[in-house]
Amino acid sequence: MHIVVCTKQTPDSAAKLAVDDAGHVSWGDSPIVINPWDEYAVEEALLLKDRIDGDVQVVVISMGPEEALEALKHAIAMGCDRAIRIWDEAFAGSDTLATSYVLARAIEKIGDVGMVLFGKSAIDSQTGQVAVAVARRLGFSPLTNVIKIAEIDGASMTAERLLEEGRQVVQAPLPAVVGTTKGINEPRYPSFMGIRKATRAEYPLWTAGDIGAAADKVGAAGSGVRWERIFAPPAREGSAEIVAADTVEESARILVDKLLAEKVI
Amino acid sequence: MGKNILVWIEQFRGQPASPSWEGLGLARRLSETLGGQVYACLFGDGVQELAQEAIAYGADQVLLADDATLADFRLEPYAALLAHLAREHEAEVILIGATFRGRDLGPAVAVDLDTGCVADCTALELADGQLVATRPIYAGKLLSTCRVPERRPAVFTTRPRAFPKPEPDAARSGQVVAVAPLLGEDQVASRVTGFLETEGGVNLADAAIIVSGGRGVGGPEGFAPVRDLAQALNAALGASRAAVDAGWIPYEHQVGQTGKTVSPDLYVACGISGAIQHQAGMRTSKVIVAVNKDAEAPIFQLAHYGIVGDLFKVVPAVTAALKEKLG
């Protein structure tokens with residue numbers, strides 16, 4: 001069985017972002033890293049490999065230009081068995097509808113896939129839509145916001161999913177798409193050996209032709225959503241009004257009065 | 001002929017989710033220009049009572065699917081039915097609250113209908129006859145605008161509390177139409193086998209007031225005064241990543257880039273320095289109060305009001321002052 005992990009490269013979460021008038025986003029000298037949420041997906045795939053009997057291989061894939069190699073290398077260094085980059089000039093400008101099509105085709109080509117794991121969302125575009133869309137396209141069980149995989153065998157799984165009111169316990173057959181969330185595990189750091197392995201590993205590239213992607217299903221032509229403008233939000237003016245009376249009790253009373261005046265309590 | 005809007009009405013055990021009413025309010029405003037019908041899509045088991053409520057909040061028609069297969073939210077039967085209703089009623093727009101369930105439903109329906117879904121919108125406006133959505137990216141450090149230029153229907157998930165909740169009007173009239181589920185139980189592979197309630201019931205996304213604790217609380221017991229203040233304000237309890245990673249409080253409470261994004265009327269940050277990742281999750285709060293012993297903490301740049309001091313003295317004093325004022 002193959003367990004596939006889908007990853008993406010993003011700027012570091014601590015990066016200071018800048019955006020120019022044309023809407024191009026830059027992040028100074030901050031590094032490009034594996035999307036932080038995806039580390040939970042990689043870790044869970046490696047844990048599942050040990051929990052499932054039989055021959056299980058963890059394949060990490062990423063749809064993206066050459067920078068996507070950073071995400072793949074990190075995943076290999078953590079312990080994934082092999083990596084595939086999926087890219088074609090024709091894929092540029094894909095929204096989540098088109099991206100899910102490309103990933104679904106690649107997953108079909110990998111074959112014998114029991115599970116597909118995703119991070120919660122990418123920290124840049126932040127849609128969190130691709131996992132569900134891939135599940136829908138492939139007809140796999142859709143399990144998102146998974147915080148615990150309680151049971152797993154070669155045929156089915158039981159997972160705890162986060163919802164607003166608590167945790168839903170769901171039993172579903174494989175193959176399944178699992179969207180992971182923080183709290184499901186503690187992602188490991190790549191070992192020295194892992195980093196060496198990642199340096200030497202091969203990173204084959206699959207193009208539109210390799211996965212049999214139709215031209216009208218990818219890129220802008222295959223997308224439903226068009227991104228128009230990216231801009232910085234209006235800055236908040238000034239800093240806090242500091243309440244500092246003679247005693248803590250008096251400060252507290254003044255604060256409460258202010259909140260009452262603001263009509264928020 | 002006008003352009004129809006479908007709004008998904010989310011409920012859990014018969015309790016409606018506020019973002020659905022916010023969506024109906026938005027749909028009503030949009031329909032003034034689009035001119036079509038506003039359909040509320042209400043799925044569940046024994047939820048017919050909510051149909052009148054949906055009309056009061058703005059629906060012209062309620063498409064009510066009341067069936068045991070729809071008792072728990074499961075993506076397969078819900079998405080199949082919503083996509084089917086969108087086709088049947090030639091929807092121009094589908095609005096879905098960007099809750100955990102809604103953020104699954106939106107993209108799934110979009111795949112079924114081969115159309116675009118714009119995630120987590122904080123504003124939605126009509127420009128030259130089309131809807132233009134604003135949505136935060138990079139954890140709110142930047143904003144973007146998106147539209148679905150050609151395909152129909154256009155699907156939008158709307159962030160909870162980003163759109164005003166309308167006043168219900170019990171005098172509004174509307175039609176309730178029963179619809180049958182599309183999938184039978186034998187066509188749905190997944191089973192909901194249990195539900196684990198969250199300790200203290202954390203619904204941060206919906207909360208009007210959130211009181212959060214951070215590294216400054218010092219340990220699990222340190223949350224006691226923060227909890228007391230939350231209780232006095234009838235607020236939800238939040239936490240920073242530092243407090244969650246230290247194991248002082250479960251992940252469900254975490255606010256920030258790797259936790260929940262919230263925008264309450266009032267956010268009280270106790271012992272939270274205000275790292276950029278935390279700010280990402282709460283910066284759109286209407287009024288922010290910070291209590292921190294470090295006057296230089298970045299949270300004071302974002303907060304509207306601040307008290308510099310020991311939270312173990314300040315927070316109980318605020319709780320006492322509240323009880324005194326509010327009785």
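Key figures
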quantity	calculated
Loop-located trypsin sites (Lys or Arg not before Pro) in the stretch B:6-70 whose Cβ has at most 12 other Cβ within 10 Å (DSSP)	B:Arg13
Computed label-point distance, nm, for sites A:Leu260 and A:Asp53 using a 7 Å Cα→Cβ extension	6.9 nm
Computed accessible area, B:Phe223, all protein chains, 1.4 angstrom probe, square angstrom	0 Å²
Chain lengthening between B:Asp294 and B:Asp169 when straightened (0.36 nm per residue, less Cα-Cα)	40.1 nm
B:Glu125, A:Glu43, A:Glu202, reordered so the largest accessible area comes first (probe 1.4 Å)	A:Glu202, B:Glu125, A:Glu43
Rough spin-label spacing in nm, given labels placed 7 Å along Cα→Cβ, for A:Leu163 and A:Glu67	3.8 nm
Order of exposure, largest accessible area first, which applies to A:His2, A:His74 with probe 1.4 Å	A:His74, A:His2
Largest to smallest accessible area among A:Asp216, A:Asp88 [probe 1.4 Å]	A:Asp216, A:Asp88
10 Å Cβ neighbours from other chains, averaged over peptide B:248-256	2
Selected from A:Ile149, A:Ser13, A:Ile242, residue furthest toward positive end of dipole (chain A; charges at beta carbon)	A:Ile149
Amide H contacts under 5 Å for A:Ala176, placed H, 5+ residues apart	A:Met115, A:Val116, A:Ser141
The stretch A:160-206, dipole about Cα centre (Lys/Arg Cβ +1, Asp/Glu Cβ -1), debye to the nearest 20	360 debye
Zone of A:Asp20's modelled label, taken as backbone nitrogen in the stretch A:107-125 under 19 Å from a point 7 Å along Cα→Cβ	none
Calculated from backbone phi, Karplus (6.51, -1.76, 1.60) coupling profile of the stretch B:158-165 in Hz, x at Gly/Pro	10, 5, x, 6, 7, 10, x, 7
Amide H within-cut-off set for A:Lys120, under 5 Å, with H built and near neighbours excluded	A:Thr180
DSSP-loop GluC sites (Glu not before Pro) across the stretch B:1-92, with at most 14 other Cβ within 10 angstrom	B:Glu90
Chain A - mean residue ellipticity at 222 nm from DSSP helices (-39,500 (n - 2.57) per run, n ≥ 4, rounded to 500)	-8500 deg cm²/dmol
Given charges at Cβ of Lys, Arg, Asp, Glu: the stretch B:4-187 dipole, positive-most of B:Ser144, B:Ala83, B:Phe156	B:Ser144
Per-residue SASA entry for B:Lys165, accessible area with 1.4 Å probe, Å² rounded to 10	100 Å²
Student exercise, the protein assembly as shown dipole from Lys, Arg, Asp, Glu Cβ charges, in Debye to nearest 20	620 debye
Dipole of the stretch B:43-156 [Lys/Arg +1, Asp/Glu -1 at C-beta], most positive-end residue of B:Gly102, B:Ala56, B:Ala68	B:Gly102
Calculated FRET efficiency for the pair A:Arg200/B:Asp245, C-beta based, R₀ 51 Å, to 0.05	0.90
Solvent accessible area, Å² - B:Ser273, 1.4 Å probe, full protein context	60 Å²
Size of charge dipole - chain A - debye, nearest 20, with Cβ of Lys, Arg +1 and Asp, Glu -1, no other charges	600 debye
Above-threshold pairs, the threshold being 29 Å between Cα atoms, out of A:Lys182/B:Lys323; A:Lys120/B:Lys286; A:Lys263/B:Lys293	A:Lys182/B:Lys323
Within chain B, helix-based [θ] at 222 nm, where runs of 4 or more DSSP H residues each add -39,500 (n - 2.57), nearest 500	-8500 deg cm²/dmol
Amide hydrogen neighbours beyond the local backbone of B:Gly36, cut-off 5 Å, H modeled	B:Lys3
Antiparallel DSSP beta bridges within the stretch B:4-187, as percent of all bridges there, nearest 5	30 percent
10 Å Cβ neighbours from other chains, averaged over peptide A:131-144	5
Most to least packed among A:130-138, A:49-57, B:56-64, B:213-221 [average Cβ atoms within 10 Å]	A:130-138, B:56-64, B:213-221, A:49-57
Beta bridges by DSSP in the protein assembly as shown, antiparallel share as percent, to the nearest 5	35 percent
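The values are calculated or read from the model by the stated rules, or taken from the named source; none is laboratory data. As the structure is a prediction and not an experimental result, all values here were calculated from the model. Cβ atoms come from the backbone with ideal geometry, glycine included; neighbour counts cover every protein chain shown. To get the accessible areas, we keep the full protein, side chains included, count just its heavy atoms, and leave off ligands, DNA and RNA. Shrake-Rupley method; radii C 1.70, N 1.55, O 1.52, S 1.80 Å.
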